[in-house]
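Reviewing the structure listed below.
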Amino acid sequence: MQYFIGIVPPDEYKEQIASFRNRWDSNRLRDVVEPHITVKAQGGLTKDMRWLKKVREVCSSVQGFQLTLTEPATFGTTVIFLGVQSKGIYDLHKRLVDAVSPSPEVIKHYFELDNFHPHLTLGQTHWGMKESEIEEMSFTSRNALAPFPTFHVTYVRVYKEIEQNKYVPFEDIQLTM
């Protein structure tokens, strides 16, 4: 059983993203988790739940912040995502990683701290898509998902793995207003 922490876009836009990514039958990402932006990956978020109190403490000391989703981009030919512009997400990420204290190897494995690149994944070959579909999704997403919203982040969502590769909301934790 694993956990991770994400930021959820506004409901209306989240549904627009879900509907868009569901156009590709091969895109099994819809079976894994709802649209989100990972702010703290699985590393250090262990079954013993000792980390949860620390995460709550961090969130209670972090001000809500603005976040803008930006045009689609790719990681090579295997992942398509919406970009993220926000100073606040980097601060929150660093504070969460510092509080949870995963090992340097785990930080590196999950692309955290200096390697953190916040994004909202639309599709990837790991979840069943072909590279040609990633390219098609990249082209069509520019119009289908525009305009890209700016919204105020007021909470983070902890996700829990309920079966292999299936995550559901576990707890929403408010940020300071």
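Scan segment 98-117 for residues that are in contact (Cβ under 8 Å) with a residue 24 or more places away in the chain and among the hydrophobic types (A, V, I, L, M, F, W, C) and jot them down.
Ala99, Val100, Val106, Ile107, Phe111, Phe116
Can you tell me which residues in segment 56-79 are in a strand (DSSP E or B) and either without any contact (Cβ under 8 Å) to a residue 60 or more places away in the chain or over 13 Å from the mean Cα position of the chain (by Cα) (or both)? If you could, list the steps in order and put the result at the bottom.
Quick first cut of segment 56-79, residues in a strand (DSSP E or B) only: 63, 65-75, 79.
The answer is Gln63, Phe65, Gln66, Thr68, Thr70, Glu71, Pro72, Ala73, Thr74, Phe75, Val79.
Given the conditions (1) closer than 17 Å to Gly6 by Cα; (2) under 17 Å from the mean Cα position of the chain (by Cα); (3) modelled with pLDDT of 95 or more; (4) not aromatic (Phe, Trp, Tyr), report the number of the one that Ile107 does not fulfil.
Among (1) closer than 17 Å to Gly6 by Cα; (2) under 17 Å from the mean Cα position of the chain (by Cα); (3) modelled with pLDDT of 95 or more; (4) not aromatic (Phe, Trp, Tyr), Ile107 violates only (3).
Consider His126 carefully, then state whether it is in contact (Cβ under 8 Å) with a residue 24 or more places away in the chain, farther than 17 Å from Gln63 by Cα and in contact with a Gly (Cβ under 9 Å, 6 or more places away or on another chain). Before the answer, list the steps.
Values: in contact (Cβ under 8 Å) with a residue 24 or more places away in the chain: yes; farther than 17 Å from Gln63 by Cα: yes; in contact with a Gly (Cβ under 9 Å, 6 or more places away or on another chain): no.
The answer is no for His126.
Inside segment 31-55, can you point out the residues that are buried (at least 16 other Cβ atoms within 10 Å of the Cβ) and part of a helix (DSSP H, G or I)?
Answer for segment 31-55, where residues must be buried (at least 16 other Cβ atoms within 10 Å of the Cβ) and part of a helix (DSSP H, G or I): Trp51, Leu52, Lys54, Val55.
The values are calculated or read from the model by the stated rules, or taken from the named source; none is laboratory data. The model shown is predicted, which means the values in this text are computed figures rather than measured ones. As a convention, Cβ positions derive from the backbone with ideal geometry for all residues, glycine included, and neighbour counts pool all protein chains shown.
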